[in-house]
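The values are calculated or read from the model by the stated rules, or taken from the named source; none is laboratory data. Because the structure is predicted, anything quoted here is derived from the model rather than measured. Virtual Cβ from ideal backbone geometry, glycine too; neighbours counted across all protein chains shown. What goes into the accessible areas is simple: the full protein's heavy atoms, side chains included, and nothing from ligands, DNA or RNA. Shrake-Rupley method; radii C 1.70, N 1.55, O 1.52, S 1.80 Å.
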Amino acid sequence: MKAINTVTGTASPEQLGTTLMHEHLLIGFAGWELDCAAPRFERKSALKTCVERLKELRDLGLETFVDPCPMDIGRDVSFMAEIASASGMRVICSTGLYKEDLGKAAYFRSRTIDDIASIYVSEINKGIDDTGIKAGLIKCATSKGQITKYEEMCLRAAARAHKATGAPITTHTEDGTMGCEQLDIFASEGVDLRHVIIGHSCGSSDLGYHVAMLDRGCFLGFDRFGLDFVHPDKLRLASLIGLLGVGYENQVVLSHDSVACWLGRGLEGILTPETAKLVANWTPTHVFKDILPALKRAGVGEAKIRAMLVENPRQYFQN
Ligand SMILES: [Zn+2]
């Protein structure tokens, strides 16, 4: 047994149960706090929205909700803890910095890898600000088709903080690119790749890309179901069914990367009326309501579904 930090205390890997490995309660891209013309953030109604959402998930059998919001895009761990207490859902939060173009690189760019690693270690071992809430995993992120110098620094810091604390690593990849290069960086820091989830791997349906990563021992996040405007569910499903068909069920985790509440204007102005139609299913219940039935219709059995939702999250935190 190994203690996992949750926002309301510790849990053992066996206690996690059915787990969504990548969802968000609150996101605000760096700078949102300066947008005084945006609608004010109504904490009370946001809290209500999130509690309702988690209660709905609890009714569908979900026991653990992992919110890998990096520290620089609106992470609010007290807000998460209030929601966890009110909904009865176990919530795990993260430390880590986001990709260069959407995070707060301006300050951290001139720090060293070990400066950044020491922040991550402190958030895992001592707690975040003065909340006493500790991070349970480490997030890092890369851009589309490239890993900037800054992002590489954050990946190396994540690797070192992982080695110092045992907290596992989860990543953001953009449009299914750079997963292999992320693994190269972790491996060069001596990370056992069974402690790593390459997130948003379902942003590509290139099975060669997936198998190249899986054969190095990591987990892949098929964790953007419902985000059809980035990559269609039909292609995410086709590649997932293919990978399950050849026996990779012990290395895939499922999720949506959904966002319950936004700080600032959120997706306003980003989605067009056309693309808005393509996020109609982008809710954290979609896997349970639509994706699992689709997998079953394709012949995927209960044992493989249980592996992706229960056993792989447990194994990832236990490794
Ligand atoms: Zn995310």
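The residues in the range 226-238 that are open to solvent by less than 40 Å² (accessible area, probe 1.4 Å) and either of a type in the set (D, E, K, R) or under 27 Å from LEU16 (Cα atoms) (or both) can be counted, and the count is 5.
Take residues that are in contact (Cβ under 8 Å) with a residue 60 or more places away in the chain and either open to solvent by less than 50 Å² (accessible area, probe 1.4 Å) or more than 16 Å from the ligand (Cβ to nearest atom) (or both) and tell me which of the strands (runs of 3 or more DSSP E) falling wholly in the range 1-68 contain 2 or more. Please lay out each step first, then the result.
Values: elements: 4-6, 9-11, 24-27, 64-67.
In the range 1-68, the matching strands (runs of 3 or more DSSP E) lie at 4-6, 24-27, 64-67.
Among residues of the range 131-153 being open to solvent by less than 50 Å² (accessible area, probe 1.4 Å) and in contact with a Gly (Cβ under 7 Å, 6 or more places away or on another chain), the one that is farthest from ASN319 (Cα to Cα) is ILE133. Across the range 255-292, the number of residues qualifying as in contact (Cβ under 8 Å) with a residue 12 or more places away in the chain, among the β-branched types (Val, Ile, Thr), part of a loop (DSSP other than H, G, I, E, B) and open to solvent by 20 Å² or more (accessible area, probe 1.4 Å) comes to 2. Look at ILE92 and say whether it is away from the ligand (no atom under 16 Å from the Cβ), open to solvent by less than 50 Å² (accessible area, probe 1.4 Å) and either within 29 Å of MET308 (Cα to Cα) or at pLDDT 95 or above (or both). Criteria not met by ILE92. Screening the range 168-206 for residues that are part of a loop (DSSP other than H, G, I, E, B) and either without any contact (Cβ under 8 Å) to a residue 12 or more places away in the chain or within 13 Å of the ligand (Cβ to nearest atom) (or both) and picking the one that is farthest from VAL252 (Cα to Cα) gives GLU174.
Please find, among PRO293, PRO313, PRO284, PRO273, the residue that is under 24 Å from LEU102 (Cα atoms) and at pLDDT 95 or above.
PRO284
May I ask you to list the residues in the range 125-146 that are in a loop (DSSP other than H, G, I, E, B) and touching a helix residue (DSSP H, G or I) at 6+ places or on another chain (Cβ under 7 Å)? Before the answer, list the steps.
Initial filter on the range 125-146 (in a loop (DSSP other than H, G, I, E, B)): 126-136, 142, 144-145.
If the condition is that a residue be in a loop (DSSP other than H, G, I, E, B) and touching a helix residue (DSSP H, G or I) at 6+ places or on another chain (Cβ under 7 Å), then ILE128, THR131, ILE133, LYS134, ALA135, THR142 are the ones that fit.
Of the residues making up the range 239-254, just one is of a type in the set (Ser, Thr, Tyr) and open to solvent by 10 Å² or more (accessible area, probe 1.4 Å), namely TYR248. Tally time: how many residues in the range 119-128 are open to solvent by 60 Å² or more (accessible area, probe 1.4 Å) and free of Cβ contacts under 8 Å to residues at least 12 places away in the same chain? Qualifying residue count for the region: 1.
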